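Here the structure is laid out as structure tokens; the discussion comes afterwards.
The values are calculated or read from the model by the stated rules, or taken from the named source; none is laboratory data. Worth saying up front: this structure is predicted, and the values here are computed from it rather than measured. Here the Cβ is made from the backbone with ideal geometry for all residues, glycine too, and neighbour counts use every protein chain on show. Accessible surface areas use protein heavy atoms only, side chains included; no ligands, DNA or RNA. Shrake-Rupley method; radii C 1.70, N 1.55, O 1.52, S 1.80 Å.
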Amino acid sequence: MKKLFVKTYGCQMNVYDSARMADLLAGVGYTPVLAPEDADMVILNTCHIREKAAEKVYSELGKLKELKQAKAQAGAPMLIAVAGCVAQAEGAEMIRRQSAVDIVVGPQSYHRLPEMIAKIARGAGHTLETDFPAEDKFDSLPEERSTTGPSAFLTVQEGCDKFCTFCVVPYTRGPEYSRPAAQIVEEARRLADKGVREITLLGQNVNAYRGPGPDGKSWSLARLLHELADIDGIERLRYTTSHPRDMDDDLIEAHGEIEKLMPYLHLPVQSGSDRILAAMNRQHTAREYLDLVARIRNVCPDLALSSDFIVGFPGETDQDFDATLALMRDVNYAAAFSFKYSPRPGTPASAAAKQIPEDVKSERLQILQAVLIEQQIKFNRACVDREMKVLFDRPGRKPGQVLGRSPWLQPVHVENAVHLIGQICDVHIESASSNSLKGALLRDAMRAPAEMAVH
């Protein structure tokens, strides 16, 4: 058996893709290892969202080049592949800049890795594949998946047609594509057979899902969720990441109808200023977003919300930033991701006038994050003395400790319960920090969790 090491950067979709690449290459004789020093092949599965993403990849490649040379001298050749969004964006430039790279493959083409490896073996030199054959990819992936616990990601949709002016996804992941519903349901059934209890549906714009159904009609994400909820063994469903413009009525209603759909929604807004939202091409206003949140909470009163925020977008004034803070206080988030705006090459915003000075962006980010941390702490403290169902999925750092997730996605630590990994148990929450909860196992596993007020 040959040895494979995969390093994953960025989003949950990359985590899913990395696992599927490992599954794919297992069919041609590769088994996973935990360190590049032990590998015959190294894959860097990259993300282009963060600032200086490409530079970080090149820095990592410099280290791998030295390792590759050392292994070659010892008679142990090693292949280096770069996959994901940086690979898609950089393409041939990456091979030109770093001679140690053997394979560059975009996120829609990694199903061709065995063929690309074969070309290298035949002495074909570097290989590059950055097309967008999403249909080919999912049809070519092996049916069997490796699983590492009771929770799993399942990609249902890829690409984006929204073209937010700050975002590279439409250029690196391509147009929106939805997998056939039957294919997704079958993959979910196989996961359930392997002991998976919780599935998170993934997509760059997951609630834009419009996949062909076995009945010949186009299925919405809500229709798919209803079908997945009927699978024996699957007890929890989640989905991410959503766009406010694609929260249809049936998906909103699903939050009140599907018991297995967890009361947690990641709904990025980016800004609370209508002027900045228009400049971002977000296609909604702050009031429309707030009205949407109210509608979802009306059908799911215990819903917890998280979001994404960008501060310092080109042209953002103090008044625009104040509008963002006002929206945050109106919504009252349980968690959020926040970033300083950084230009992504090729996006419209990167060439916009009135770029904001770095010190102003840093100051605004500090203010915004202070509000978000305050809200997160408040949400977590509201859980103390309550009972909730926790899915235990891994050992904790301390001996005998186990870590799980609440319905609201908070990490929950419990002592002396490692034997319960893979199970959903009732837990009494004893204390809370800014990032996690600590609880004790209840003896009566049939007790229902108390309702939570999150707004």
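Being open to solvent by less than 10 Å² (accessible area, probe 1.4 Å), closer than 28 Å to Leu202 by Cα and either out of contact with any helix residue (DSSP H, G or I) (no Cβ under 6 Å at 6 or more places or on another chain) or assigned to a loop (DSSP other than H, G, I, E, B) (or both) is the requirement here; does Asp23 meet it? For Asp23, the condition - open to solvent by less than 10 Å² (accessible area, probe 1.4 Å), closer than 28 Å to Leu202 by Cα and either out of contact with any helix residue (DSSP H, G or I) (no Cβ under 6 Å at 6 or more places or on another chain) or assigned to a loop (DSSP other than H, G, I, E, B) (or both) - is not met. For the stretch 262-279, name all the residues that are of a type in the set (A, V, I, L, M), in contact (Cβ under 8 Å) with a residue 24 or more places away in the chain and open to solvent by 10 Å² or more (accessible area, probe 1.4 Å). Passing the criteria: Met262, Ala279.
Just one residue in the set Gly84, Gly75, Gly10 is under 19 Å from the mean Cα position of the chain (by Cα), at positive phi and open to solvent by 30 Å² or more (accessible area, probe 1.4 Å); that residue is Gly10. Going by the conditions given, is Ala53 buried (at least 21 other Cβ atoms within 10 Å of the Cβ), touching a Cys at 6+ places or on another chain (Cβ under 9 Å) and at pLDDT below 90? Spelling it out, Ala53 is indeed buried (at least 21 other Cβ atoms within 10 Å of the Cβ), touching a Cys at 6+ places or on another chain (Cβ under 9 Å) and at pLDDT below 90. Within the stretch 302-331, being buried (at least 21 other Cβ atoms within 10 Å of the Cβ), among the polar types (S, T, N, Q) and either without any contact (Cβ under 8 Å) to a residue 12 or more places away in the chain or assigned to a helix (DSSP H, G or I) (or both) holds for one residue alone: Thr324.
To keep it simple, each residue is scored yes or no on (1) farther than 24 Å from Gly203 by Cβ; (2) of a type outside the set (Gly, Ala, Ser).
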site: Ala294; (1), (2): yes, no
site: Pro314; (1), (2): yes, yes
site: Met328; (1), (2): yes, yes
site: Ser342; (1), (2): no, no
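Filtering the stretch 50-88 to residues that are in a loop (DSSP other than H, G, I, E, B) and more than 30 Å from Ser338 (Cβ to Cβ) leaves Ala74, Gly75, Ala76, Pro77, Met78.
Could you tell me whether the stretch 387-409 includes any residue that is within 24 Å of the chain's Cα centre (by Cα), polar (S, T, N, Q) and at negative phi? Checked against the condition, which is being within 24 Å of the chain's Cα centre (by Cα), polar (S, T, N, Q) and at negative phi, the stretch 387-409 yields at least one hit. Assessment of the stretch 240-249 against the conditions (of a type outside the set (Lys, Arg), outside any loop (DSSP other than H, G, I, E, B), over 19 Å from Gln204 (Cβ atoms) and open to solvent by 20 Å² or more (accessible area, probe 1.4 Å)) yields at least one matching residue. Does Gly211 satisfy being of a type outside the set (Phe, Trp, Tyr) and closer than 27 Å to Leu327 by Cβ? So Gly211 fails the test. Taking the stretch 211-248 as the range and being of a type in the set (D, E, K, R), farther than 13 Å from Thr155 by Cα and touching a Leu at 6+ places or on another chain (Cβ under 9 Å) as the test, the residues that pass are Glu235, Arg236, Asp246, Asp248. Exactly one residue among Ile356, Ile377, Ile367 is in a loop (DSSP other than H, G, I, E, B) and modelled with pLDDT of 95 or more, and that residue is Ile356. Step by step: first the residues of the stretch 335-357, then only those that are under 22 Å from the mean Cα position of the chain (by Cα) and charged (D, E, K, R), then the one that is nearest to Phe166 (Cα to Cα). Which residue is that? Top of the filtered list is Arg344.
Looking only at residues in the stretch 282-301 that are assigned to a helix (DSSP H, G or I) and basic (Lys, Arg), which one is most open to solvent (accessible area, probe 1.4 Å)? Only one residue fits best here, namely Arg287.
Only one entry of Lys398, Lys389 meets the criterion of being assigned to a strand (DSSP E or B) and not aromatic (Phe, Trp, Tyr), and that entry is Lys389.
The residues of the stretch 379-400 that are of a type in the set (D, E, K, R) and free of Cβ contacts under 8 Å to residues at least 40 places away in the same chain, listed by number, are Arg397, Lys398. One residue stands out among those in the stretch 178-225 that are basic (Lys, Arg) and either more than 18 Å from Ser146 (Cβ to Cβ) or not in a loop (DSSP other than H, G, I, E, B) (or both): the one that is most open to solvent (accessible area, probe 1.4 Å), which is Lys217.
Of the residues making up the stretch 13-40, those that are more than 19 Å from Lys56 (Cα to Cα), more than 21 Å from the chain's Cα centre (by Cα) and not hydrophobic (A, V, I, L, M, F, W, C) are Gly27, Gly29, Tyr30, Thr31, Pro32, Glu37, Asp38, Asp40. Of all residues in the stretch 401-429, exactly one satisfies the criterion of being without any contact (Cβ under 8 Å) to a residue 12 or more places away in the chain and assigned to a strand (DSSP E or B), namely Leu403.
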